[in-house]
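Notes to accompany the following structure.
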Amino acid sequence: MLNNDLHRLLKRQLKKADLNDLDNPQLTDFLNTINDAYKSFDKDVYHIENILEQSSKELFAANQKLINERDTTKTKLENLVDNIGGVIFETDMHGNFTFLNNAWEKYSGFTIENTLGKSFKDFLVTKNIEGNKESHKLFSKKKKRIEFIFKHKKNNKLKWFELKSKLIKDNNGLPTGFIGTIIDVTNLKETEVELQKASKSKDEFLSTMSHEIRTPLNAVTGLTNILLMEDYLPEQVENLKALKYSGEHLLGLINDLLDFDKIKSGKLKVIEKDFSLNYFLENIKSHFQLRAEKKGVVFNVIKENNIPDNIIGDKLKLTQIVKNLLSNSLKFTEKGSIVLSVQNLGFDKNKISLKFKIIDTGIGISKSRQESIFESFMQANSETSLKYGGTGLGLSISKKLLNLQNSNLIVESKLGQGATFSFEITYKVSNRLNLYEPDMIKMQPNYAPLNINVLVAEDNKMNILILKRFFLKWKVNYKVAENGEEVLQFFESSNFDLVLMDLQMPILDGYQTAKVIRNMSDKSKANIPIVALTAFAQTDIKEKTKRYKMNGFMGKPFNPEKLYALLKSYSKKALNEQVI
């Protein structure tokens, strides 16, 4: 019998087929099975609907949570971006602003609304960019990073900003624009300006103090040299030598301080020229051998592995380094020996590596002090400074001069067993066969009379006195002018072979006077040799004298031999020999 509780779908299908009365038991059983299947399917659908409804509720809740978290994060980011100390910006590839935070309005004075879509070029003037960078070249896809400092005036107040930016790309790796920051660096910039002013003041102070110390020092060493040139009592010789040594020692201390300052300020440059290494070593040997013998110490120079004769490098700095190291060894070696060794380490193309070693049998240096001795104003210990003197700058300067030439100073020592200072340095090999080295000609002073007319521009009475005494000894014809105006007056009435021009004079200084002379219509007077004299030690004096078309430069205090050689080179005899 067919079940009366039929599923609605089955009833609908039986009605359509007009099968309301069924007597066939087999068909009845079949239809009952279908009815049960329909009802079971309904239960499954209902169950699935419940599951889907529950899942939908869970998904809705999760989505709402994500939206809330997104909105919260967005708010936090917006607050963070808008309250951050600097400007955060974004541009397209053409430099047009696509995003700006609130700091833009604070720093620039322009609204965000009126800025978006406009190019950075509308707000950045080239002349305000540090380093003379052109604004139109700043944002380019060729540049992955951009960094520069610029200034901007708002309400008549000048501010400095640092801009940093980087290129951004899409998922395909194609550049889409730039994102970056603009930070206020006014305080740092003002501090930098103050430091520059302080550095300039320090340079001026050092230069002025150098001049003020060198001026009386010129008198001390000058008068000592004059006394040694004249007749003196035998018992006075030691006193005069001690006086000369003290003056030269004081001058050496001043030079050390000035050299140290030049190195720290980065004003010292490596100047490479041809020079003879053999002449250099012979000159060093002649300079230190006598000093070592007087102290009872043996001094030798050793050359290893066929060192080349002519090389290209900074001879002046090499001289300063080697002399500093040898003077240091001589100071701390009471007995035994000092050896300067130069070893050829080998060639590489047109360059040669040399190893210099200074080996002494002096007091040595303890292991714990071997690092600190290279520091400024440092010596092995306080007793060393008291017993042997010195500023403690020699080793520091030597190390810094070597660092400037990509080298380093190494020390090996044991306390009481001497010390070895060494450095390796690379020079170019010169193609010149031989070099004339006038510094090598070790001449004993032979002050023959000089046929020369000299105009001396000098306002310091003591310097005038010293020059007069020198000129009297050398039979030099001279006139003294105490300022630039007097120089020009003498020029009108007399003919001179040379002008020794002090740079610091009242009324008209040496530079101004030289400029007037060089612009004279009388070419014979306009082209007269002018040699600058100064006690200043500014690094730009040599360059400045060249700009004013002076022929040379001589510092004070005067070295009698150098001054005599200078006068001799401009004497009538020397000029006649050049003509012949």
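Compute the Kirkwood hydrodynamic radius of region 453-579, taking the inverse of the mean of 1/r over all pairs of distinct Cα atoms, and give it in Å to one decimal.
Final number for the Kirkwood radius of region 453-579 is 14.7 Å.
Between VAL476 and residues 5 or more places away or on another chain, which pairs have amide H atoms under 5 Å apart, with H built 1.01 Å from N, and which residues are they?
Close amide H contacts, sequence-distant or interchain: LEU450.
With a Cα-only, solvent-free Debye model of region 8-68, what are the log10 I(q)/I(0) values at q = 0.16, 0.20, 0.25, 0.30 Å⁻¹?
-0.65, -0.81, -1.00, -1.15
What ranking do 164-176, 312-324 get when scored by the average of other Cβ atoms within 10 Å per residue, highest first? Display every interim value, and only then the final one.
Values: 164-176: 12.2, 312-324: 19.9.
In decreasing order of mean packing, 164-176, 312-324 become 312-324, 164-176.
Taking the Cβ of each residue in ARG291, ARG70 as the centre, tally the other Cβ atoms inside 10 Å and list the residues starting with the fewest. Walk me through the numbers before you get to the answer.
Working: ARG291 13, ARG70 10.
Ranked by crowding around the Cβ, least crowded first: ARG70, ARG291.
Enumerate the amide H contacts of PHE496 below 5 Å, restricted to partners 5 or more residues apart or on another chain; note that Pro and chain-start residues carry no placed amide H.
none
Using the number of other C-beta atoms within 10 angstrom as an exposure proxy, rank LEU195, LEU467 with the fewest first. Show your work: numbers first, answer last.
On the way: LEU195 10, LEU467 23.
Fewest-to-most Cβ neighbours within 10 Å comes out as LEU195, LEU467.
Highest mean first, what order results for 496-509, 559-572 on Cβ atoms within 10 Å?
Highest mean packing first, the order is 496-509, 559-572.
Along each of its three principal axes, how wide is the spread of alpha-carbon positions in region 85-184, in whole angstrom units, largest first?
So the extents along the principal axes, rounded to whole Å, are 46, 30, 22.
Computed from the coordinates by the stated procedures, all read-outs in this text should not be read as laboratory data. Keep in mind the model is a prediction, meaning the values are calculated, not measured. Ideal geometry is used to build each Cβ from the backbone, glycine not excepted, and the neighbour counts take in all protein chains shown.
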